[in-house]
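The values are calculated or read from the model by the stated rules, or taken from the named source; none is laboratory data. Given the structure is predicted, the values throughout are model-derived calculations rather than measurements. Here the Cβ positions follow ideal geometry from the backbone for every residue, glycine too, while neighbour counts run over all protein chains shown. Accessible surface areas use protein heavy atoms only, side chains included; no ligands, DNA or RNA. Shrake-Rupley method; radii C 1.70, N 1.55, O 1.52, S 1.80 Å.
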Amino acid sequence: MQKAALYITALVLPFLLFLGISWLLPGVLVVTESQFTRAPPDLVFELLDSHEGMEQWAHWAEEERPGLSAGPGSGPSEGVGCTWVWEMDGQPWGSMSIEELEEGQRIVYAVAYSESEIQRILEIEPDGLATRITWTERALLSSSMQRWLGLIAHESVRSELSKALRTLDAAAADLQAARMTPKDPAGDDDSSP
């Protein structure tokens, strides 16, 4: 009987320590990353506040996750309430909805996936001839496991943000170049005689 109590204590005590210590860990993970782009702030913002804009850059996560697809969700096609959804192998996986925006300056998304609640904030500000894009992720760590994982997730999240910002920068450069390319008044792209 005493051995059984000792075995139970040996099994239960580490679990209780794991749970107890987890509630002393931070309940929020905050990661911020910045990128400069040569595109003007209004053009960058245009890529962030609509389905059409997101379609041009918001596929960075799909490259590393086979079976993941993304596209427009329900609600308006731009502005507050505009939603982008992800599916994994045809099953709902997550969503990103615009919660608030300050035209040309700041946009806040509510992101939900894999039992996570994330606030995604993108701030756009002119910086000389460039534009600085600052991306902040605030993840609520509501479970014991999430709090433990939060200790090691910082660098992987930063890497994801960096990749997303590079993709956004490239989309902004492409959009800027497309708008600077003169159009043939006759509507014919072939300028050969």
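When the range 78-113 is filtered for residues that are in a strand (DSSP E or B), open to solvent by 80 Å² or more (accessible area, probe 1.4 Å) and within 23 Å of Val30 (Cα to Cα), the ones remaining, listed by number, are Glu99, Glu100, Glu102. Can you run down the residue pairs with Cβ atoms below 9 Å, 6 or more apart or on separate chains, where the first is in the range 30-51 and closer than 24 Å to Leu140 by Cβ and the partner is aromatic (Phe, Trp, Tyr) and outside any helix (DSSP H, G or I)? Qualifying pairs under 9 Å: Val31/Trp135; Thr32/Trp135; Glu33/Trp135; Ser34/Trp135; Leu48/Trp57; Leu48/Tyr109. Looking at the range 21-40, which of the residues that are within 25 Å of Gly128 (Cβ to Cβ) and in contact with a Lys or Arg (Cβ under 9 Å, 6 or more places away or on another chain) is most open to solvent (accessible area, probe 1.4 Å)? Here the residue is Phe36.
Residue under question is Glu137, and the condition is that it be assigned to a strand (DSSP E or B), in contact with a Ser or Thr (Cβ under 9 Å, 6 or more places away or on another chain), of a type in the set (Asp, Glu) and in contact (Cβ under 8 Å) with a residue 60 or more places away in the chain; does it hold? Yes. Of the residues making up the range 52-77, those that are in a loop (DSSP other than H, G, I, E, B), in contact (Cβ under 8 Å) with a residue 60 or more places away in the chain and surrounded by fewer than 18 Cβ atoms within 10 Å (Cβ to Cβ) are Gln56, His59. Condition check for Leu168 on (1) more than 20 Å from Ala39 (Cβ to Cβ); (2) modelled with pLDDT of 90 or more; (3) of a type in the set (A, V, I, L, M, F, W, C): one failure, at (1).
Note on the range 114-164: residues that are surrounded by fewer than 16 Cβ atoms within 10 Å (Cβ to Cβ), touching a helix residue (DSSP H, G or I) at 6+ places or on another chain (Cβ under 6 Å) and within 22 Å of Glu64 (Cα to Cα) total 1. Name every residue in the range 70-94 that is charged (D, E, K, R) and either under 22 Å from Arg106 (Cα atoms) or in contact with a strand residue (DSSP E or B) (Cβ under 7 Å, 6 or more places away or on another chain) (or both), in order of residue number. Result: Glu78, Glu87. Reported count of residues in the range 165-174, each being crowded, with 18+ Cβ neighbours inside 10 Å and in contact with a strand residue (DSSP E or B) (Cβ under 9 Å, 6 or more places away or on another chain), is 4. If Val30 satisfies all but one of (1) over 24 Å from Met180 (Cβ atoms); (2) modelled with pLDDT of 90 or more; (3) more than 15 Å from the chain's Cα centre (by Cα), what's the number of the condition it fails? Val30 satisfies every listed condition except (3).
Selection of the range 134-162 for residues being among the hydrophobic types (A, V, I, L, M, F, W, C) and either modelled with pLDDT under 85 or more than 13 Å from the chain's Cα centre (by Cα) (or both) yields Leu140, Leu141, Met145, Trp148, Leu149, Leu151, Ile152, Ala153.
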